[in-house]
Structures are given as C-alpha cells and as structure tokens.
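The values are calculated or read from the model by the stated rules, or taken from the named source; none is laboratory data. Owing to the predicted nature of the structure, the values given are computational and were not obtained by experimental measurement. Here Cβ is always computed from backbone atoms with ideal geometry, including for glycine, and neighbour counts include all displayed protein chains.
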Amino acid sequence: MITISTLIPYVLACLLFSIVPGPSVTVVIANSLSRGTRAGLLTILGTEIAMLIMVTVVALGLDFVMSVVSEAFVVIKLVGAAYLIWIGWKMFNSTGRLVVEAGSRLPYARYVWQGAVVNLSNPKTLLFLGAFLPQFVDPGRDAFSQIMVLGLIVMAVATATDCVYAVLAGRAREVLTATRLKLMSRVSGAILMAGGVWLALQKRI
C-alpha cells in the first residue's frame, strides 16, 4: 500500500513529467488540430497502450534484456522519427479539407496506431520509467505490484494532461476558418516533422 507521504510527491513528479511536451504530446496536438478532439483522444489511447507495455516491462524487471538489445532502441527511435516526419509531411501538404463529412467515419485504428508507435519509438520514456518508478518502491513489499500501481498512476496523470491538450487543440480548430484550417494543418505538420527530427537526434541516456 502506497502511503500518502509517498503518493503526494509521486503524483507531483508525474505531473511535471506529463505536462512537458514531447513527441507524444506533439502528435496528440497535431491530430486534434487537424481532425478534431476525437482524433486527439484516440491518439492518447495509443500512447497509453504503449505506456502500459513499458510499465509492464519495468515491472517484470527486464533490465538485462534492455542492456542486451540496447542497440535495437536506436533502430526503433529512427523508425519512429521517420514515421513522425512522414505523417507531418502529409499533414503539411494537406488541402485544408479537414472537417470530416457527415456520415463518414474517422479511421480510428490509424490514430491509436500513431500514438502507440510514437510513444514506443521514444526509448527515453522506457529508460525514464525504469529509473523513476523504482525510486518509490518499498523493498520490503512485492515489487511487481507496486510498480504496476505506480505505473497506472503515471498513466492516469499523463492521460489527464494529454486530454487537456487534445480538448484545447480541438476547440481551437472549431473556431478556425477554412483558410486558417489549412494554415493550421501546415503548422501541425511542421511541428510533427520538427518533432521527428528532434527524436532522431536524441542521444541515449
């Protein structure tokens, strides 16, 4: 059981970790601006699925696997960076027809997939969780259950902050004219491409 004295500073640390924009927040904002709040929320679902996978890896204590296949993270990072640049380029060259027509459906899986790929492509998230979560674990108790609970808390905080970004970006989109929507699509695409370049240039911790 996590004590209040541990929970409060932990939640505050999670909040600081979550509100700092990174590749995941970038793609959430970009999708919300280009396709609306629903697209942003679906993207968040993908990022949290990826986060759950990483928390589970940490909870299982697979540090030795991470060290053995550490070079694979470089490849994963570059693939994710290329993916960000690709979807950013497509968005940058959008015609500006961003409003979904009545009766049509959003490609839900596309946004979930984007969120998951972008989050999994950032090895620093896994390395951060591996270094961050154990700091709040009581060595006298079961480590797996504690890390899973701590992981679910950081996921909840990240979901809340990301939803704020998605809603704000989606609301901003609703008040834009067609011309401004096209401009915003280009801005979002440029942000995504810049995020891809930033991710590719990040060095391992």
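Could you tell me which numbered condition A178 fails, if it satisfies all but one of (1) more than 30 Å from I4 (Cα to Cα); (2) modelled with pLDDT of 85 or more?
That leaves (2) as the condition not met.
Using beta carbons and a limit of 6 Å, which pairs, at least six apart or on different chains, have the first residue in the stretch 151-164 and in contact (Cβ under 8 Å) with a residue 40 or more places away in the chain and the second one small (G, A, S)?
V157/S18; A158/S18; T161/S18
Residues being assigned to a helix (DSSP H, G or I), modelled with pLDDT of 75 or more and among the basic types (K, R): count how many of those fall in the stretch 90-142.
Counting residues in the stretch 90-142 that are assigned to a helix (DSSP H, G or I), modelled with pLDDT of 75 or more and among the basic types (K, R) gives 1.
Within the stretch 46-54, does at least one residue satisfy the condition of being at pLDDT below 80, touching a Ser or Thr at 6+ places or on another chain (Cβ under 9 Å) and buried (at least 22 other Cβ atoms within 10 Å of the Cβ)? Before the answer, list the steps.
Just the residues of the stretch 46-54 that are at pLDDT below 80, to begin with: none.
Within the stretch 46-54, none of the residues are at pLDDT below 80, touching a Ser or Thr at 6+ places or on another chain (Cβ under 9 Å) and buried (at least 22 other Cβ atoms within 10 Å of the Cβ).
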